[in-house]
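Asks: Here it is: the structure, laid out below.
The values are calculated or read from the model by the stated rules, or taken from the named source; none is laboratory data. All of these numbers come straight from a predicted model, not from anything done at the bench. Note that we place each Cβ from the backbone using ideal geometry, even for glycine, and neighbour counts take in every protein chain shown.
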Amino acid sequence: MEFQRIILVHYHEIGLKGRNRGVFEKRLQKNLEALLGAYPIVTIHRISGRLLVFLKEGTSLELANECADAILGVPGVARVSCGFKCEQEMEAMGRAACIALAEAEPFQTFKVSARRNHTTFPIDSMQLNRDIGAVLCEEFPAKIVQMKGQDVTVGVEVVEGSTYVYARSIRGIGGLPVGSSGTVVSLLSSGIDSPVALWRMARRGAVCVGVHFSGRPQTSDASEFLVDDIARVLERTGCIGRVYVVPFGDYQREISLACPPGLRVILYRRLMFKVAEEIARRERAGALVTGESLGQVASQTLDNIRATDAAVAMPVLRPLIGSDKLEIIDAAQRLGTFEISSMDAPDCCTLFMPRNPETHAKLADVEAAEAAYPVEEWVQALADAAEPHDYACPAYRPPRKTKAR
């Protein structure tokens, strides 16, 4: 007996929404439709608190699992379950359950969890559990039924006109679908921290636009290639829409020639924030994002953060502010950016660095040092020189006046 393969996409936080819940569901559906174009998908429907992905007839188990794995990292997805669509007939449901459970090997213990959403179906959920469980016990006599702490749960969803049966079920990353929380501009280096910070904002539903400050022409453009590789990882799950590359080296050199050495880093970062804010204005973004962690380096003390934030009027979000380095490394490894970020590449962060940077800068001293430079002219020039590179983010809409490379 042949059954059509399906993938049930479960969500949690979206389900807690009120009257606007449908907006979040539609956003997640659109994101999945755009991101899964390479897989043999017939359609994606919304059914009773789930998204249902229909795969083409004849789709192999391996390809179905690949598709499910691709869905797991998409923000908004709490769990992904692979299974089959079958008729509302007990023999078909039992057989589908046997096939689904066999594909969930290896396991030793299991239970059945049935849910009847179609109230005209004559068998209630408790009886379904018993009947499907009996079939599975007969088919798998060496396996053990266990109601708590089981290895596998066989799900049976009875809805209007059809039944969906699944066993392989894997936890996703959760959160909200990208495109449901506005747009942010994230300062994106080739290092470990900033890609994780950007990803965390995408997981909260933000459309993320990166800004990379390259040391070019004072350094090579190697960091730009690493940032592109990082963006390619992030775009697999629709987490980044665009990256602006800003050639920043000459401006750092100008600052380093006359600025008190201890304040160089603060002035560099204030200029970066101002440029990022201007790009955010053009992108209609609502906040800036950085990968800073409190006290991790000299520029990330409370005094220096205050001196940097004072350069802009826009909110600055720091999703890693309370994380330590090991936590961030672990997140980068799970995200898939750690190995890229571990490669050596000169960038603006290491250019013209003072031997003893100030760790407790006073805002008045910083502003006095900054007054020696035509900062507002520089901001416009750098924002105009920023080179946009676009990536696959279904929720991103570029501003009209910029052309991506």
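Asks: Restricting to the stretch 1-52, give me the number of residues that are without any contact (Cβ under 8 Å) to a residue 12 or more places away in the chain, assigned to a strand (DSSP E or B) and out of contact with any Leu (no Cβ under 8 Å at 6 or more places or on another chain).
Replies: 1
Residues checked against (1) under 22 Å from Ser162 (Cα atoms); (2) surrounded by fewer than 17 Cβ atoms within 10 Å (Cβ to Cβ); (3) within 21 Å of the chain's Cα centre (by Cα):
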residue: Glu2; (1), (2), (3): yes, yes, no
residue: Arg21; (1), (2), (3): no, yes, yes
residue: Val42; (1), (2), (3): yes, yes, no
residue: Ile47; (1), (2), (3): yes, yes, no
residue: Ala64; (1), (2), (3): yes, no, no
residue: Ala102; (1), (2), (3): yes, yes, no
residue: Thr119; (1), (2), (3): yes, yes, no
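Asks: Just checking, which of Ile328, Ile321, Ile305 is of a type outside the set (Lys, Arg), buried (at least 18 other Cβ atoms within 10 Å of the Cβ), over 24 Å from Asp221 (Cα atoms) and free of Cβ contacts under 8 Å to residues at least 40 places away in the same chain?
Replies: Ile305
Asks: Looking at the stretch 274-281, can you tell me whether even one residue there is at pLDDT 95 or above, surrounded by fewer than 23 Cβ atoms within 10 Å (Cβ to Cβ) and under 19 Å from Ala368 (Cβ atoms)?
Replies: Within the stretch 274-281 (the criterion being at pLDDT 95 or above, surrounded by fewer than 23 Cβ atoms within 10 Å (Cβ to Cβ) and under 19 Å from Ala368 (Cβ atoms)), the answer is yes, since at least one residue qualifies.
Asks: Does at least one position in the stretch 368-383 carry a residue that is surrounded by 12 or more Cβ atoms within 10 Å (Cβ to Cβ), touching a strand residue (DSSP E or B) at 6+ places or on another chain (Cβ under 7 Å) and among the aromatic types (Phe, Trp, Tyr)?
Replies: no
Asks: Can I ask one more? Of the numbered conditions (1) at pLDDT 95 or above; (2) over 30 Å from Leu335 (Cα atoms); (3) touching a Lys or Arg at 6+ places or on another chain (Cβ under 9 Å); (4) not in a helix (DSSP H, G or I), Gly133 satisfies every one except a single condition; which is it?
Replies: All conditions pass for Gly133, except number (4).
Asks: Residue pairs, Cβ under 7 Å, 6 or more apart or interchain, first in the stretch 223-237 and without any contact (Cβ under 8 Å) to a residue 60 or more places away in the chain and in the same structural domain as His212 (by TED's automatic domain parsing), second surrounded by 16 or more Cβ atoms within 10 Å (Cβ to Cβ) and not in a helix (DSSP H, G or I). List them.
Replies: Glu224/His212; Glu224/Ser214; Glu224/Val245; Val227/Leu188; Val227/Ser190; Val227/His212; Val227/Val243
Asks: Having 3 or more residues that are modelled with pLDDT under 95 and of a type outside the set (A, V, I, L, M) is the bar; report the strands (runs of 3 or more DSSP E) wholly within the stretch 182-250 that clear it.
Replies: Passing ranges: none, list empty.
Asks: With the condition kept exactly as written, say whether any residue in the stretch 245-256 is out of contact with any helix residue (DSSP H, G or I) (no Cβ under 9 Å at 6 or more places or on another chain), surrounded by 21 or more Cβ atoms within 10 Å (Cβ to Cβ) and over 25 Å from Lys325 (Cα atoms).
Replies: no
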